[in-house]
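Visitor: This is the structure, below, for whatever I ask next.
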Amino acid sequence: MSEERTAPRQTPRTVVAMIGNPVSDKGKGAKIDAQVMALLEEAGERYDFGVIDLTGTSFDDSLNRARDRRDEYTHLVVVGGDGMIALGANAVGCSGKPLGIVATGSGNDFARGLDLPVNRIATAVEGIVGAIVRGSHIDVDMGRVTSLPGGYAVDAATGNLLGGTDGNLDGQPADTAAQPNADLPPIDRFYGGMLNCGLDASINDRANHSRLPGGSLRYFAAVLVEVTHLKRYGYHIKATLADGSVEERDIITPMVTVANSRHIGGGLEVSPYSRFADGLLDLIWIDHMPNALEIADAISKGYNGRLLASHIFGWKRVRDVEITRAAEGAEPPVLMADGEYIGHLPVRVAAQDRALRVLVPPAVSRAHAEDDGSRTLAAIERDGRDPITGEFLA
């Protein structure tokens, strides 16, 4: 009898896609992108993996390329700041495809939170290649923002309106736009850092348009300007808390943030209790209109990890939250996340448990595996808050 033989199953070849940001830093980004591409191609020859460049002409063009050609690659590498990480998260989030991060430029709060190298290109690429070869990664949470009826997306880079059947809506500034209609696209966006809904979004927007050098300096200067004319925005909040209970109320406040990571603006620790893999988001808001002394105290605490020790801030751990307009208060500004424009209320924000796989060196993977939350719990207790309710104990 002849013996039937089955051909051995072929393991798909590793292919690494790269997306850069050639227009960043007045064109210097193109040189960095070329350097990263050369390092990846050199490593690909050494370890037998392919490399393709999917860099587009804009955030949305690069994102569409990464999504449309997702079957062509096994790993994605993005080059740049938090906005590029957001692009990568939206390209491969919930897919299981690992994301490598070459953090360059200013900010880089997400990369810093993961203990990844910043502005050390060769070191970052070496770590990514090592992680690919060894299969070393961590799975982290993301936030997902989706429109409720009436909410709509804007251009990620400019904040301008998208869509419009008559062509007159395209390019119109979002803050002067007409009321939303069915022709405007809904929001459906992942983020790794923070969703900024009020003062924090205005600060981010001002920092984006600043000509000052250095991301941290731009952000700090924007903070100083924006806190001098706080507005009372009107939000209606419906939140599912960590224990499954639901709280619903109006909040008239200058700021609402839904955080997945701790930092913003290159070091300001807005959400010091956030953890990357707890399946929860942190809802933070300004509890009352602060005076000058309270503002100064809060800013100083924001740079030493104790912002939420300030009594001007409310804090809750949430699984998801619906944010709509309250009957009172001013219209909130355009929402932002990871330095990119998102869209306008109303929205639902939900924690996506361990939805993003990130390539990291083995040492970083071990450190995150050993994080049992005890340090975060100690910080909450140090600041005098109840870890369950978020309220101050005294």
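Visitor: Please state which of the following conditions Gly305 fails to meet, knowing it meets all the rest: (1) out of contact with any strand residue (DSSP E or B) (no Cβ under 6 Å at 6 or more places or on another chain); (2) part of a loop (DSSP other than H, G, I, E, B); (3) of a type outside the set (Ser, Thr, Tyr).
Guide: Every condition holds for Gly305 apart from (1).
Visitor: With respect to Thr104, determine if the residue is more than 20 Å from Pro22 (Cβ to Cβ) and of a type in the set (Ser, Thr, Tyr).
Guide: Values: more than 20 Å from Pro22 (Cβ to Cβ): no; of a type in the set (Ser, Thr, Tyr): yes.
Spelling it out, it is not the case that Thr104 is more than 20 Å from Pro22 (Cβ to Cβ) and of a type in the set (Ser, Thr, Tyr).
Visitor: Scan the range 127-152 for residues that are crowded, with 21+ Cβ neighbours inside 10 Å and part of a helix (DSSP H, G or I) and jot them down.
Guide: Once the filter is applied, which keeps residues that are crowded, with 21+ Cβ neighbours inside 10 Å and part of a helix (DSSP H, G or I), the range 127-152 yields Gly127, Ile128, Val129, Ala131, Ile132.
Visitor: Limited to the range 375-391, what total is found for residues that are within 16 Å of Asp243 (Cβ to Cβ) and not aliphatic (A, V, I, L, M)?
Guide: Looking only at that region, the number is 6.
Visitor: Here's a follow-up. Looking only at the range 259-302, how many residues end up being over 24 Å from Val145 (Cβ atoms) and part of a loop (DSSP other than H, G, I, E, B)?
Guide: 5
Each row is one residue, and each column tells you yes or no for (1) of a type in the set (Asp, Glu); (2) closer than 30 Å to Phe220 by Cα; (3) crowded, with 16+ Cβ neighbours inside 10 Å.
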{"residue": "Asp48", "(1), (2), (3)": "yes, no, no"}
{"residue": "Gly56", "(1), (2), (3)": "no, no, yes"}
{"residue": "Ala66", "(1), (2), (3)": "no, no, yes"}
{"residue": "Ala89", "(1), (2), (3)": "no, yes, yes"}
{"residue": "Ala103", "(1), (2), (3)": "no, yes, yes"}
{"residue": "Gly107", "(1), (2), (3)": "no, yes, yes"}
{"residue": "Asp115", "(1), (2), (3)": "yes, yes, no"}
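Visitor: When you look at Ala111, is it over 23 Å from Tyr47 (Cβ atoms), open to solvent by less than 10 Å² (accessible area, probe 1.4 Å), small (Gly, Ala, Ser) and not in a loop (DSSP other than H, G, I, E, B), yes or no?
Guide: The answer is yes for Ala111.
Visitor: Can you pull out the residues in the range 308-323 that are touching a Phe, Trp or Tyr at 6+ places or on another chain (Cβ under 7 Å) and in a loop (DSSP other than H, G, I, E, B)?
Guide: His311
Visitor: Scan Glu322, Glu331 and give me the residue that is within 22 Å of His229 (Cα to Cα), touching a residue at least 24 places away in the same chain (Cβ under 8 Å), open to solvent by 50 Å² or more (accessible area, probe 1.4 Å) and in contact with a Lys or Arg (Cβ under 9 Å, 6 or more places away or on another chain).
Guide: Glu331
Visitor: Out of Asp183, Asp200, report the one residue that is under 21 Å from the mean Cα position of the chain (by Cα) and at pLDDT below 95. Talk me through it step by step, then tell me what you get.
Guide: Details: Asp183 fails: under 21 Å from the mean Cα position of the chain (by Cα).
Being under 21 Å from the mean Cα position of the chain (by Cα) and at pLDDT below 95 holds for just one of Asp183, Asp200, which is Asp200.
Visitor: Further question: Looking only at the range 222-257, which residues are touching a residue at least 40 places away in the same chain (Cβ under 8 Å), farther than 24 Å from Ile295 by Cβ and open to solvent by less than 60 Å² (accessible area, probe 1.4 Å)?
Guide: If the condition is that a residue be touching a residue at least 40 places away in the same chain (Cβ under 8 Å), farther than 24 Å from Ile295 by Cβ and open to solvent by less than 60 Å² (accessible area, probe 1.4 Å), then His236, Ala239, Thr240, Leu241, Ala242, Gly244 are the ones that fit.
Visitor: For the range 288-299, state whether one or more residues are open to solvent by 40 Å² or more (accessible area, probe 1.4 Å), in contact (Cβ under 8 Å) with a residue 60 or more places away in the chain and farther than 24 Å from Gly80 by Cα.
Guide: no
Conditions (1) buried (at least 24 other Cβ atoms within 10 Å of the Cβ); (2) modelled with pLDDT under 95; (3) of a type in the set (Lys, Arg), marked per residue:
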| residue | (1), (2), (3) |
| --- | --- |
| Asn119 | no, yes, no |
| Thr123 | no, no, no |
| Val154 | yes, yes, no |
| Pro173 | no, yes, no |
| Thr176 | no, yes, no |
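Visitor: Now, a different point. If you scan the range 336-359, which residues turn out to be farther than 24 Å from Thr324 by Cβ and either surrounded by fewer than 24 Cβ atoms within 10 Å (Cβ to Cβ) or among the charged types (D, E, K, R) (or both)?
Guide: Answer for the range 336-359, where residues must be farther than 24 Å from Thr324 by Cβ and either surrounded by fewer than 24 Cβ atoms within 10 Å (Cβ to Cβ) or among the charged types (D, E, K, R) (or both): Asp353, Arg354, Ala355, Arg357.
Visitor: While we're here: Please specify each residue of the range 48-63 satisfying the condition of being more than 21 Å from the chain's Cα centre (by Cα) and touching a residue at least 60 places away in the same chain (Cβ under 8 Å).
Guide: Phe49
Visitor: For the range 30-83, what are the residues that are among the aliphatic types (A, V, I, L, M), touching a helix residue (DSSP H, G or I) at 6+ places or on another chain (Cβ under 7 Å), within 11 Å of Ile19 (Cα to Cα) and assigned to a helix (DSSP H, G or I)?
Guide: Those that are among the aliphatic types (A, V, I, L, M), touching a helix residue (DSSP H, G or I) at 6+ places or on another chain (Cβ under 7 Å), within 11 Å of Ile19 (Cα to Cα) and assigned to a helix (DSSP H, G or I): Val36, Leu63, Ala66.
The values are calculated or read from the model by the stated rules, or taken from the named source; none is laboratory data. If you're wondering where the values come from, they're calculated on a predicted model, not measured in any experiment. Note: ideal-geometry Cβ built from the backbone for every residue, glycine included; neighbour counts use all protein chains shown. For the accessible areas, the whole protein counts, side chains as well, though only heavy atoms, and no ligand, DNA or RNA atoms are used. Shrake-Rupley method; radii C 1.70, N 1.55, O 1.52, S 1.80 Å.
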